[in-house]
Amino acid sequence: MLVPGTSWRQGHVLKHDDAVSLGLLKPDETNQKVVVITHDCDLQSNSEKNVELMVGPLKKGSSQMKRAKHPRILDLCFENPENNNKNAIELKHERKHILPKQNFQCEVNDNNFNISAEEKQGLKQWLAAKYGRPAFPNAFEERLRAFDDGKKIIFEKEVATIIAANAEHLIGIFFDLGEDRFNDLDEGTPYEISIIIVYDAVTGGPDARKCAEETSLNLKTLFTQFYGDPTLGHSELISLDKCSAVADINFSLYALRTMDQWRIEYISIEDETLGDFIGAGL
């Protein structure tokens with residue numbers, strides 16, 4: 001029951017029979033789960049009249065789809081999965097359902113599907129990212145897509161491949177356009193950009209640092225390949241000033257306020273995500 005003092009929390013999973021009784025699942029859809037995404041406080045507040053839920057399939061979790069790396073897809077992983085081949089629920093915003101609280105007559109959650117505090121934080125970040133994605137200048141986005149061929153995404157797909165190789169240890173990729181963060185530059189004037197690759201220093205340790213540094217080196221090579229070497233004056237579209245790996249414990253609040261996180265929607269090359277790319281302003 002969703003009343004003040006309820007035991008229900010954001011990230012809790014409904015029992016299959018309850019999901020069926022609410023009309024969210026069919027009886028034979030045992031490979032699908034329903035997750036509560038309403039904030040803890042709103043679940044208990046009488047002023048909030050609805051509860052928001054998401055339906056998603058059980059699957060093998062991917063590091064590429066954790067920690068809000070992808071703004072449209074999240075793999076919500078369990079603490080103690082019974083089946084390591086299906087240790088996550090895949091969430092997509094398009095699968096959200098809103099029900100009046102009075103219709104939510106579920107007593108307890110399914111304790112076979114528990115998530116850690118870290119996973120819950122990732123869920124919060126992912127939900128916020130849908131509306132908090134930065135909008136880069138149109139001219140900058142056009143230059144990122146300058147090498148695309150019709151519907152074929154070229155440069156950003158290469159970036160996605162580089163990031164995906166070490167995604168398990170990476171927390172975020174941040175772009176710094178400096179004073180041109182909101183400006184459309186004239187043709188011939190390159191955007192000067194710095195990239196910060198933030199890695200998980202506490203959990204990942206030296207391995208995470210190595211992966212972030214490898215990602216940094218590969219991105220530098222890629223930018224030079226496509227946009228020229230800025231040290232030789234060959235960069236007319238985008239000039240990469242620096243690309244650095246930084247531990248999360250050293251990434252300042254100031255940097256977070258002045259830079260924009262780049263979440264690449266085309267980070268997975270699985271068939272189900274083809275065509276889901278909408279540009280670089282993520």
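The values are calculated or read from the model by the stated rules, or taken from the named source; none is laboratory data. Just so we're clear, the structure is a prediction, and the values are computed from it rather than from any experiment. Heavy atoms of the whole protein, side chains included, go into the accessibility calculation; ligands, DNA and RNA do not. Shrake-Rupley method; radii C 1.70, N 1.55, O 1.52, S 1.80 Å.
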>> Ignoring ligands, DNA and RNA, please state the percent of accessible area on the chain from carbon and sulfur, probe 1.4 Å.
In response: 46
> Taking only C-alpha pairs under 8 Å that are 6+ residues apart, what is the relative contact order of the chain in percent?
Replying inline: 17
>> Just want to confirm a number: the relative contact order over segment 34-160, from Cα pairs under 8 angstrom separated by 6+ residues, in percent.
In response: 23
> What are the ³J(HN,Hα) values, in whole Hz, obtained from phi via the Karplus relation 6.51 cos²θ - 1.76 cosθ + 1.60 with θ = phi - 60°, for each residue of segment 23-37 in sequence order, with x given for Gly and Pro?
Replying inline: x, 8, 9, 8, x, 8, 8, 6, 8, 10, 10, 10, 10, 6, 10
>> Using Cα springs under 10 Å in a Gaussian network model of the chain, which residue among D176, D186, D241 shows the largest mean-square fluctuation?
In response: D186
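Per residue, how much accessible area does the chain show when a 1.4 Å probe rolls over the protein heavy atoms, in square angstrom? Mind showing how you got there, number by number?
On the way: 14510 Å² over 282 residues.
Accessible area per residue, the chain: 51 Å².
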> Out of residues 5 or more away from G172 or on other chains, whose amide H comes under 5 Å of its own, with H placed 1.01 Å from N in the peptide plane?
Replying inline: V198
>> Residue by residue through segment 233-247, what is 3J(HN,Hα) from phi via Karplus (6.51 cos²θ - 1.76 cosθ + 1.60, θ = phi - 60°)? Round to whole Hz and write x for glycine and proline.
In response: x, 9, 9, 9, 9, 9, 10, 7, 6, 7, 9, 10, 9, 10, 5
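Hey, what does the equivalent ellipsoid look like for the chain, semi-axes from the Cα gyration tensor as sqrt of 5 times each eigenvalue, largest first, whole Å? Let's see the in-between values first.
Values: eigenvalues 305, 71, 66 Å².
Sorted largest first and rounded, they come to 39, 19, 18 Å.
Take V3, V159 and sort them by solvent-accessible surface of the protein heavy atoms, 1.4 Å probe, largest at the top.
Details: V3 70, V159 0 Å².
Solvent-accessible surface, decreasing: V3, V159.
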> Mind checking the angle between helix 201-227 and the chain's longest principal axis? C-alpha axes, 0 to 90 degrees, to the nearest 10.
Replying inline: 50
> With every protein chain kept in the model, how would you rank I162, I193 by accessible area, 1.4 Å probe, largest at the top?
Replying inline: I162, I193
> What residues have an amide H closer than 5 Å to that of E192, excluding those fewer than 5 places away on the same chain, when H is modeled at 1.01 Å from N in the peptide plane?
Replying inline: S239
